[in-house]
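**Student:** A single structure is presented below for examination.
We did not get these values from a lab; they are worked out from the coordinates using the rules stated. Values in this document were obtained by computation on a predicted structure and should not be read as measured data.
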Amino acid sequence: MSLEWIVFAVFLMIACTQVIRWVGLEQKRTASWTAMAGPLGLTYEKGDLAGELDGLPVRIFRESGERMGDKRMNESVYVVQVEVPAKLPRGFVAAPRRWTSLSERLLSPNVFKAAEPVLDEAYIFQSDDVEPGQKLLQEPDVQQALCDLVNPDSVSFVRGRHVGLAYRNHTFVEDADKVRRNLMLLARTARALAQAQERLRSAA
């Protein structure tokens with residue numbers, strides 16, 4: 001057998017092994033998410049878990065690292081997300097600092113700080129309307145809620161009208177109790193953001 005055929009055979013074996021491994025992980029994830037759907041009060045459909053928690057829309061799904069903000073990360077991340085029941089300042093974002101490059105921070109004119117070390121270490125804050133975004137972030141209950149999301153196992157974020165946690169390790173979804181705790185924590189944060197925004201809007 002020629003060297004070219006040997007190299008091709010080795011490459012094919014590696015590719016097949018990777019495909020088999022990926023299929024196995026997908027089957028395991030599907031089984032885990034299907035089993036969790038009922039206890040969490042959610043529905044499993046087309047690879048996502050979705051439904052409501054205390055009246056707030058929630059979703060658990062897989063996303064590419066690049067779409068989440070880390071352009072260096074090709075593998076998937078697993079996202080737990082809750083909708084904020086209010087319209088936040090235009091373009092308000094709390095992006096994971098770990099997944100935001102230095103150039104992106106320096107080149108963005110609408111970046112501001114929380115003046116709270118825990119928050120400024122975890123997030124990059126941006127808002128198209130900077131002043132309303134800063135006022136929202138200065139609310140004590142908002143700062144506390146965002147601090148409560150910070151942990152070493154995931155990154156937290158606020159994007160659009162959603163607050164969420166993203167994990168690189170798929171195994172977290174095998175623990176329904178952990179997912180439920182995360183959803184409740186995110187729901188509290190979503191309500192804190194909404195209530196603070198309503199207070200600021202009423203005071204304006």
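**Student:** Starting from the amide H of His162, placed 1.01 Å from N in the peptide plane, find each other amide H under 5 Å away whose residue is 5 or more places distant or on another chain.
**Tutor:** Placed amide hydrogens put Val84 under 5 Å from His162.
**Student:** Using the Karplus curve 6.51 cos²θ - 1.76 cosθ + 1.60 with θ = phi - 60°, what ³J(HN,Hα) values do you get for each residue of the stretch 131-145, in whole Hz, with x for Gly and Pro?
**Tutor:** 4, x, x, 5, 5, 4, 5, 7, 5, x, 5, 5, 4, 5, 5
**Student:** Suppose the chain between Lys87 and Arg59 were pulled fully straight at 0.36 nm per residue; how much longer would it get relative to their current alpha carbon spacing?
**Tutor:** Numbers: separation 28, 0.36 × 28 = 10.08 nm, distance 1.86 nm.
Value of the extension gain: 8.2 nm.
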